[in-house]
1. Please enumerate, by chain and number, the aspartates and glutamates with C-alpha under 16 Å from the C-alpha of residue 104, excluding those fewer than 8 residues away in the same chain.
2. Leaving out ligands and nucleic acids, note down the accessible area per residue over segment 344-410 with a 1.4 angstrom probe, in whole Å².
3. Could you work out [θ]222 nm for the chain from helices alone, using -39500 (n - 2.57) per DSSP H run of at least four and dividing by all its residues? Round to the nearest 500 deg cm²/dmol.
4. Dipole of the chain, Cα-centred, from +1 at each Lys and Arg C-beta and -1 at each Asp and Glu C-beta, to the nearest 20 debye?
5. Taking only protein heavy atoms into account and a 1.4 Å probe, give the accessible area per residue of segment 417-540 in Å².
6. Considering all projection directions equally, how large on average is the shadow of the alpha-carbon convex hull of segment 692-769, in square nanometres?
7. Per the Cauchy relation, a quarter of the hull surface: what is the mean projected area of the convex hull of the alpha carbons in segment 77-185, in nm²?
8. With no solvent and one point per C-alpha, what does the Debye sum give as log10 I(q)/I(0) for segment 396-469 at q = 0.19, 0.21 Å⁻¹?
Amino acid sequence: MYTVRKVAKATGGELVHGNGEDLIRHIVFDSRAILHPSESVFVALKGQNRDGHEFLAEVFKAGCKAVVVEKTPSKNPSGVDVIKVENALEALHNLADFHRQTFKGRMIAITGSNGKTIIKEWLFELLDRYGLCAKSPLSYNSQLGVPLSLWNLGTWHDYAIIEAGISKRGEMQKLERLIKPKTGIFTNIGLAHQEGFGSIAEKVEEKLNLFTNAKSLIYCRDHEDIHKEIIKRERSFDTVTWGWNEQSDIQILEKKRSNKRNLELKLRYGSEELFFTVPFQTPSFVENALHCIVLMIHNGFSETEINQGLSDLRPVNMRLSLREGIYGTTILDDTYNNDLTGLRAAIDQLAAITEYDKKAVILTDMSQTGMRPEELYKKIADILTTSAISRVVAIGEESKAHSNLFPPNSLFFPTTDAFLKEYKAIDLANHAILIKGGRTFRTEQIVHTLEEKVHGTMLEINLNHVTTNLNYFRSKLKKNVKVMAIIKALAYGSGSVEMARHLLRHGVNYLAVAYADEGAKLREAGIDAPIMVMNPHPETFPMLQRHKLEPEIYSLQQLNDLCNFLNGTQMSIHLKMETGMHRLGFLESEVNELCNILNDNPSIRVAAVFSHLASSENPSEDEFTHRQASRLYAMVVELKKNLAGHNPMVHLLNSGGISRFPMYQFDMVRLGIGLHGYSPFPDDLSYLQPVATFKSFVSQVRTVEPGETVGYGRDSKISRTTEIATIGVGYADGFRRVLSNGKGVVNIKGKLVPVVGNVCMDMTMVDVTGLQVREGDEVIIFGSNPTIRQVANALNTIPYEVLTGISDRVKRVYTYE
């Protein structure tokens, strides 16, 4: 802990208010995540869309003891210390640098395009056996994430493993100044964040700046793009290379499968031959494991010690996931990460599930933190007590031994098995439940037990990718242009409540749904943002009024019906204008009468005037698009001239329009399919990320001999001995029957395999000959490969129809780092 006065000095700022004597333990930058206000300093960061200074009132109300600001507050509450700095992010970096100097252990830094987080987690598992190890939480590898990671370092740690990621030139030098690694790992190089660099070589050069003062750098000699830049660079570090290349310091001599799960590796290191067994066969996992093996060899660990650690490694689920649970619960699964920082982050996410009044936490003992047990469990208990958790279940002997520190009515079990024997007697119904625990406690069994077993097939929604896509389109907008997110049809099949909550947390201004009951569901989930309803009917007017929803009005008859219903009570509306789509909207000839009706009904407020582009993605129709915009503008001018007391927003552009017609952004734009990572333009697709992954599983594998047939109708006759896998998805789930008999493919074990026979209602058969597929193996129906666009092309349709055609019986699982 540091005094506020010392924090001010470390940041390079000035203490302009307060005595500076309070002690600071925690750094926060989100006013909603202040768990320990008496020990916290709030850093008012300025982002692209939010300014932390706007939330100082909330910070003061929460009782935060100190703030770091660029602008001095007009009112300084009594008891709050104020540190003024020139740049809040630089001040945070300075504070992290100051704290980093107290760490005397071995600092390991990891960069590269892929694999950073997995390698970090596995190295932590391997090294934590031989000393106290600290690591970046989750994927904290940015200009903000790295200083927050370093803040968690303790003088007692023997090792620290820190991720570093960049998106443009000049960023890595700043991170190197903070991390100061002695050992580095450069995983690989790819196209991620390529928009910030002129070439792959330029990106490699920038990433290498992380190791300017390192003593050693580990990388794969087979990655020529990395190797070429290293050998032409003046450097202070020694290189430790590995790969198939004969010039590698540690050469791969042989890889072979020892069984269906493990892979045997034979390596040459100097004159020695070393043998390792990794519990994976997927090439990317094996590559990540080899980086870990080489680092362990370089640090003097024996073949036996390394193999002991490798045997316990498991695939890393790097994201929290949100699942439907039994007894009306929602489960927040964070079973891969079990430390104090991760606990705070996960409880922040739990608090965001606002439709549940009751929150529960199931957690296990934490090991190897370097803290005395009394201090550790006091901190855990403080986090739980200050977070309005109504039910705590703690598993493990250490937790039970410190039960006096936990909130009242907490329940304690010595093992996971003991909990699973008794869980039905515990009141968990209608709770949002966070499940968090260490690998040795097998907490994934708790998730499996409490999860609703509706259907094994799932649509996985990556909310981090939603954020990436939102920020990409937002980067194209002029200052002060608002964003309306279209979340009709269950947010294009992805789930409206979860999507709405996530988008609002990331600065979306408006929501739009198709029907009133969709808007009502959002209100019942605690969402209070403005919501436009695109297809209101007179029978739903009471619902609109009750839930303060804003209808789209597109005809004089509809407007008159609404006026008669409201009878002088207030409501905000959106006027839809017909500009060429010929679907819904007011004609130019109706504008005068429209104005007369609205002037006679002053209780109705016009929130916005808008129209819909018919062909924004088609360059051959650009002249028509310009005419549509001109018609809308002319009608808006007429409306504003004749409407008294109204100043409506104007919006026209959809996802495709944002990319091609920046001159028509007006006051707001509408984002729908673009949020899900789809665009008709290749330039967009290189930056967008697919949000939805449609997954199933292999139910059974059987061998079918020549002359036999597969499926209904006997349409598919087998010509050779074939391994057929039956997968748990059919046309009732949204995997269309049109994809029968080889027209459709799915991904199993990284290979695209064709559909054999006719798609059934609940299952489909595919050819997996030679792939050693087993029951329970994962099946990707669409995601990164095949993409939803490829599936749409096979169906001769568009991605919209594929997404919205996924059945309600397919469970939605939401993931985020």
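1. Cα-Cα hits under 16 Å: 158.
2. On the way: 2890 Å² over 67 residues.
Per-residue accessible area for segment 344-410 comes out at 43 Å².
3. Working: 27 runs with 250 residues, N = 817.
After summing the helix terms and dividing by the residues of the chain, the value is -8500 deg cm²/dmol.
4. Working: 93 positive and 95 negative charges, 140 e Å.
The calculation lands at about 680 debye.
5. On the way: 4860 Å² over 124 residues.
About 39 Å² of surface per residue is accessible.
6. Numbers: hull surface 19.4 nm².
Mean shadow area of the hull around the Cα atoms is 4.9 nm².
7. Numbers: hull surface 32.9 nm².
The Cα convex hull of segment 77-185, projected and averaged over all directions, gives 8.2 nm².
8. Reported log10 I(q)/I(0), two decimals: -0.98, -1.11.
The values are calculated or read from the model by the stated rules, or taken from the named source; none is laboratory data. The shown structure was predicted, so the numbers you read here are calculated from the model rather than taken from an experiment. Quick reminder, even Gly has a Cβ in these numbers, built from the backbone with ideal geometry, and neighbours come from all protein chains shown. Accessible surface areas use protein heavy atoms only, side chains included; no ligands, DNA or RNA. Shrake-Rupley method; radii C 1.70, N 1.55, O 1.52, S 1.80 Å.
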